[in-house]
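Some notes on the structure that comes next.
The values are calculated or read from the model by the stated rules, or taken from the named source; none is laboratory data. Note that the structure is predicted; figures quoted are calculated from it, not measured. FYI the Cβ positions are ideal-geometry reconstructions off the backbone, even for glycines, and counts take in every protein chain you see.
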Amino acid sequence: MEASVWAAGVRLAGGGQVRVMEPDDQPKVLALVRADWLPGQPEPDPQLLTGQPRPGLTGAATLVLTGIDSGDRVRGVVHCAVRTSDGVGLIGWLHAREDFEALAVLIAAARANLGPARTLYAGTGPTQLPETLTSALSGIAERRRPATTRALCAAGFTPATSRRYYHHALTSTPTRPLFPLPEIRPLTDPPGVQLTLTETDGSPLATAVLHTSGGDHWQLWHLAVHAGHRRRGIGSHLLAQCLHLAHSRGATSLAAHIDEDDTAAARLLTVGGFTEVDTLTIHHRRP
């Protein structure tokens, strides 16, 4: 299924054709993206499809695969761009309702569009502005998207980095932890809040950052206890504060992703009521 050339209207194996996404395709493409969404992610943002590429990228393209045997039905979508600093090709997102054949065609089209003599990364997340779009996480979900993983492997990609994704549904009011309460500072870029626990003398004990740009679905972006204050339950106390604050401000869920081998963070999240949803993997391919 290798595509030797790419241009609008090129016909590929698999009974379809790949072309540039058109405005009328956007609702169908958003439905494809939504089908692969994980618990805790907000609704796909239309800016995924219409936003301008962030600085440092060139040749951004959103390609759709349509089926000949079923009219102009959009079977899949892939978005790609080139990083100008080092010439690396990025396949930001790739969706086809786990249709292996469609995924293989889209990967071939993206490779042809990016050019054969590049290192490629797949599953790198949105390339549009703002860079902090929380609705599109980096990485391919290994357990929920096995056909996508197989299609990438068949095209010569191998895992590069992985992170574990956790989710906590805020369906009931979390118990508010007792003193000490954190200092809360609003953040604007990206929108969010920073929580800081301090000693009585004002020295910091622990900090956490919550991103709120997902609307009802917030993200725990960072939580760290300062060296010398660990193993005292401070991290669990601050995490409970995060859950209570998010719920009190209207969030219905809180998501987090951590390094694959961060056992301490995994234990903290599990004890705090989070459920591990999947492992998100970015794949790469050498020329």
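Points worth noting:
- Exclusive hit being surrounded by fewer than 18 Cβ atoms within 10 Å (Cβ to Cβ), at pLDDT below 95, in contact with a Leu (Cβ under 8 Å, 6 or more places away or on another chain) and not polar (S, T, N, Q), set Ile234, Ile258: Ile234
- The range 91-110: number of residues that are over 15 Å from Arg34 (Cα atoms), touching a Leu at 6+ places or on another chain (Cβ under 8 Å) and surrounded by fewer than 24 Cβ atoms within 10 Å (Cβ to Cβ): 1
- Scope the range 261-279; condition out of contact with any Lys or Arg (no Cβ under 9 Å at 6 or more places or on another chain), over 23 Å from Arg145 (Cβ atoms) and surrounded by 17 or more Cβ atoms within 10 Å (Cβ to Cβ); matching residues: Leu268, Gly272
- When residues of the range 161-180 are limited to those that are surrounded by 14 or more Cβ atoms within 10 Å (Cβ to Cβ) and out of contact with any Ser or Thr (no Cβ under 8 Å at 6 or more places or on another chain), the one nearest to Trp218 (Cα to Cα): Pro174
- Screening Ala147 on (1) in a strand (DSSP E or B); (2) modelled with pLDDT of 95 or more shows it passes everything except condition (1).
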